[in-house]
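This report refers to the structure that appears directly beneath it.
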Amino acid sequence: MILKVARLGHPVLRQKAADLDPAEIRAGRFEPLIEDMFETMHAYQGVGLAGPQVHLPFRIFVLELPELVARRRGSDPIARDAIFNATYEPASEDRVTDFEGCLSVPFLAGQCGRFSRIRVRGVDRSGQQFDRIVEGYGARIFQHEIDHTDGHVYLDRMDDLLSLEYTVIL
C-alpha cells in the first residue's frame, strides 16, 4: 500500500522520533510497514524514506541504492534494507557537497554538505544491533534519513539556500 508522504510544514517532520523496541522488531511486527514504506519509496522514485515522512513518529527508515543509480553517483549499491533507532557520527571530517532532494520537499533540490564517511549505530531488520562505517553516496542517504528521525530536513543542513532550484518545470 502506498502511504501518504508528509510535506514540509507538517509538524511530524520537525519532531524527534521515538525508538522502537528491538524485541518487537525481532517479532516481525513492523514487516507490513516496511513493505508499505518500500512500495511508497519506489512509487515516488526515492532511495530512502523515514517514518516521519509517512506520518509515523518512529525511528525507522528504509533505503535502497540500485546498481545503476550507484554507478552514476560513483558509489557502491545498497541492498534493500530497513534500519531502526539509528544514529550517526562523522568517521572523517571530510565533507562532500552535492545536490540533494527530498520526497517531503517535492520539486526542489539544493547543494547540501554531508560527511563523506560516517559511523552508523542502530538495529537491523532482524532486531540485531549493528555498528558500521558507511561512505560515499550511501553516507549521504543514511545522514538524510537519520536526520528525518531527528526532526531535520536537508534544507537545515544547506550552507547556502541560493543553490536551491526546481527539479521539474511546472
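Filtering region 66-115 to residues that are within 24 Å of Arg7 (Cβ to Cβ) and among the acidic types (Asp, Glu) leaves Asp98, Glu100. Within region 62-80, the set of residues being open to solvent by 30 Å² or more (accessible area, probe 1.4 Å), of a type outside the set (Lys, Arg) and touching a strand residue (DSSP E or B) at 6+ places or on another chain (Cβ under 6 Å) comprises Glu64, Pro77, Ile78. If we scan region 37-52, do we find a residue that is at pLDDT 95 or above and out of contact with any strand residue (DSSP E or B) (no Cβ under 9 Å at 6 or more places or on another chain)? Yes, region 37-52 has at least one match. Of the numbered criteria (1) among the hydrophobic types (A, V, I, L, M, F, W, C); (2) under 22 Å from Met37 (Cα atoms); (3) at pLDDT 95 or above; (4) out of contact with any helix residue (DSSP H, G or I) (no Cβ under 8 Å at 6 or more places or on another chain), the one Val105 fails is (4). Taking the criterion of being within 16 Å of Arg95 (Cα to Cα), touching a Lys or Arg at 6+ places or on another chain (Cβ under 7 Å) and modelled with pLDDT of 95 or more, the residues of region 121-146 that qualify are Ile133, Ala139, Arg140, Gln143. Right, Phe99: under 19 Å from Asp159 (Cα atoms) and part of a strand (DSSP E or B) or not? So Phe99 passes the test.
Name the single residue that is most open to solvent (accessible area, probe 1.4 Å) among those in region 130-165 being assigned to a strand (DSSP E or B) and under 26 Å from Glu67 (Cα atoms). Among residues in region 130-165 that are assigned to a strand (DSSP E or B) and under 26 Å from Glu67 (Cα atoms), the one most open to solvent (accessible area, probe 1.4 Å) is Glu135. Going by the structure shown, is Ala86 over 26 Å from Phe107 (Cα atoms) and among the small types (Gly, Ala, Ser)? Yes, satisfied. Scanning region 34-60 for residues that are open to solvent by 30 Å² or more (accessible area, probe 1.4 Å) and closer than 14 Å to Phe84 by Cβ turns up Leu56, Pro57, Phe58.
Out of Gly136, Gly110, Gly74, one residue alone is under 24 Å from Leu8 (Cα atoms) and touching a helix residue (DSSP H, G or I) at 6+ places or on another chain (Cβ under 8 Å). It is Gly110.
Among the numbered criteria (1) among the aliphatic types (A, V, I, L, M); (2) within 15 Å of the chain's Cα centre (by Cα); (3) open to solvent by 30 Å² or more (accessible area, probe 1.4 Å), which single criterion is violated by Ala18? For Ala18, the exception is condition (2). Across region 100-128, the qualifying residues are those that are aliphatic (A, V, I, L, M) and open to solvent by 20 Å² or more (accessible area, probe 1.4 Å), and the one among them that is nearest to the chain's Cα centre (by Cα) is Leu103.
Taking residues in region 18-47 that are within 21 Å of Val69 (Cβ to Cβ), and partners anywhere that are at pLDDT below 95 and surrounded by fewer than 16 Cβ atoms within 10 Å (Cβ to Cβ), the pairs with Cβ atoms closer than 8 Å and at least 6 places apart or on different chains are Phe38/Arg80; Val47/Val69.
The values are calculated or read from the model by the stated rules, or taken from the named source; none is laboratory data. For clarity, every value in this text was computed on a predicted model and none was experimentally measured. A quick note on method: Cβ atoms are made from the backbone with ideal geometry, for glycine too, and the neighbour counts reach across all protein chains shown. Accessible surface areas use protein heavy atoms only, side chains included; no ligands, DNA or RNA. Shrake-Rupley method; radii C 1.70, N 1.55, O 1.52, S 1.80 Å.
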